[in-house]
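Scroll down for the structure; my scribbles are underneath it.
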Amino acid sequence: MEGLEGILSRNGDYVCGDKVSIPDLLFFFELTNYLYYDKSWSHHKKVDDWFKRVYNIGEVKSLTHTWFNGVNEFKKLLNSIKPSNNDAITPKL
């Protein structure tokens with residue numbers, strides 16, 4: 001996270017300057033994994049501000065919501081088939 005903070009400190013509002021670019025989208029969607037695992041980067045102010053700027057782009061927001069809906073459905077599926085401790089399978093070595 002410090003690396004992205006440094007890039008934004010040197011380059012401005014976006015990874016490569018004053019306009020959103022493919023590297024911004026790459027970093028943005030990588031950071032959505034942090035949200036999935038309830039990780040925070042709020043103590044990195046430049047990253048937090050940048051994330052909000054990129055998120056507020058209509059197409060990015062729409063795709064992010066679609067992705068999270070899919071992730072939530074997948075989590076539900078996994079939880080429905082997760083064996084209980086009594087059903088755990090012990091591998092034979």
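Structural remarks
- If you go through region 1-57 and keep only what is surrounded by 13 or more Cβ atoms within 10 Å (Cβ to Cβ) and of a type in the set (Lys, Arg), you end up with Lys46, Arg53.
- Leading residue by the ranking (nearest to Val20 (Cα to Cα)) among those in region 36-61 that are assigned to a helix (DSSP H, G or I), within 14 Å of the chain's Cα centre (by Cα) and free of Cβ contacts under 8 Å to residues at least 12 places away in the same chain: Lys52
- Checklist (1) modelled with pLDDT under 90; (2) open to solvent by 70 Å² or more (accessible area, probe 1.4 Å); (3) β-branched (Val, Ile, Thr) applied to Val71, failing item: (2)
The values are calculated or read from the model by the stated rules, or taken from the named source; none is laboratory data. Fair warning: this is a prediction, and the values are worked out from it, not measured in the lab. Cβ: placed from backbone, ideal geometry, glycine included. Neighbour counts: every protein chain shown. Ligands, DNA and RNA are excluded from the accessible area calculation, which covers all protein heavy atoms including side chains. Shrake-Rupley method; radii C 1.70, N 1.55, O 1.52, S 1.80 Å.
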